[in-house]
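Peer 1: What follows is a single structure, and I will ask about it in a moment.
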Amino acid sequence: MVLSVVFCIQITHKKNLDNWLGEYYYTETYPHNSGKLFYFIEYTITIYKDENKYYAKIVGDGWFTMTRYLAQVTGDSKSIEISYLERLPDDLYYGHEAFPRGEVLLRFEREGNDLNTVWLAGKEFFVSFEGMEGEITTKAFEKVTDE
């Protein structure tokens, strides 16, 4: 009986995370010191499932930026945490870890039809949040495709 309850909870947990599968997109624009041009960086987070575990590939491309991280995804249908695992081989700084393994970079939260981005350690690689302390909540990332 106890095993069937645990199994049922695990199945429900997995199904709840399936609704997060897909690609999320965010752009960051910030001015150059000259004030005459702007830098533009595109970020995508692709959430996928592999052998019943959930992962996120974080990709950032733009002005002197080529970020490639692998992260673990945990949570439920209302909120997920995206925790750093490692830099991927095509990252410019592959071999030098960006964060401690397991550190939560971002949290996505659903509030009705809205998707909120809660910036935690992840704000350290976004210019927009440079030097800001504590959690920051925005509507930055938007889901653009389902898996």
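Read-outs: derived from the displayed coordinates by stated rules, not from any lab. The structure presented is a predicted model; accordingly, all values stated were derived computationally and were not measured. Glycine gets a Cβ as well: all are built from the backbone with ideal geometry, and neighbour counts include every protein chain shown.
Peer 1: In nm, to one decimal, how far is the Thr65 label point from the Tyr39 one, both placed 7 Å along Cα→Cβ?
Peer 2: Between Thr65 and Tyr39, the simple spin-label model gives 0.8 nm.
Peer 1: Could I ask something else about it? Can you classify the stretch 38-108 as rounded, prolate or oblate using the Cα gyration tensor, where a ≥ b ≥ c are the square roots of its eigenvalues, rounded means a/c under 1.5, and otherwise it's prolate if a/b beats b/c and oblate if not?
Peer 2: Prolate, since a/c reaches 1.5 and a/b exceeds b/c.
Peer 1: Let me ask something else. Counting only helical runs of four or more DSSP H residues, what would the 222 nm mean residue ellipticity of the chain come to if each run contributes -39,500 (n - 2.57) and the total is spread over all its residues?
Peer 2: Computed ellipticity for the chain at 222 nm equals -4000 deg cm²/dmol.
Peer 1: So for the chain, averaging the separation of alpha carbon pairs under 8 Å that are six or more residues apart and normalising by length, what relative contact order in percent results?
Peer 2: Relative contact order, the chain: 19 percent.
Peer 1: Using a Gaussian network model on the chain with a 10 Å cutoff between Cα atoms, which of Tyr94, Tyr30, Tyr69 fluctuates the most?
Peer 2: Tyr30
Peer 1: If you take every residue apart from Lys78 with its C-beta less than 10 Å away from the C-beta of Lys78, what net charge results, scoring Lys and Arg +1 and Asp and Glu -1?
Peer 2: Charge balance near Lys78 sits at -2.
Peer 1: So what is the relative contact order of the stretch 46-90, in percent, for Cα pairs below 8 Å that sit 6 or more residues apart?
Peer 2: This gives 28 percent for the stretch 46-90.
Peer 1: Answer with a single label: of (1) 139; (2) 106; (3) 120, which was calculated as volume of the Cα convex hull per residue in Å³ from the structure in view?
Peer 2: Recomputing volume of the Cα convex hull per residue in Å³ here gives the entry labelled (1).
Peer 1: Add +1 for every Lys or Arg and -1 for every Asp or Glu among the other residues with Cβ under 14 Å from the Cβ of Leu120, and state the total.
Peer 2: Here the charged neighbours net out to -4.
Peer 1: What percent does the relative contact order of the stretch 108-147 come to when contacts are Cα pairs within less than 8 Å and at least six residues apart?
Peer 2: Contact order relative to length: 41 percent.
Peer 1: Among the listed pairs Lys57/Lys78; Lys36/Lys139; Lys49/Lys143; Lys49/Lys123; Lys78/Lys143; Lys53/Lys139, which are separated by more than 23 Å between their Cα atoms?
Peer 2: Lys36/Lys139; Lys49/Lys123; Lys53/Lys139
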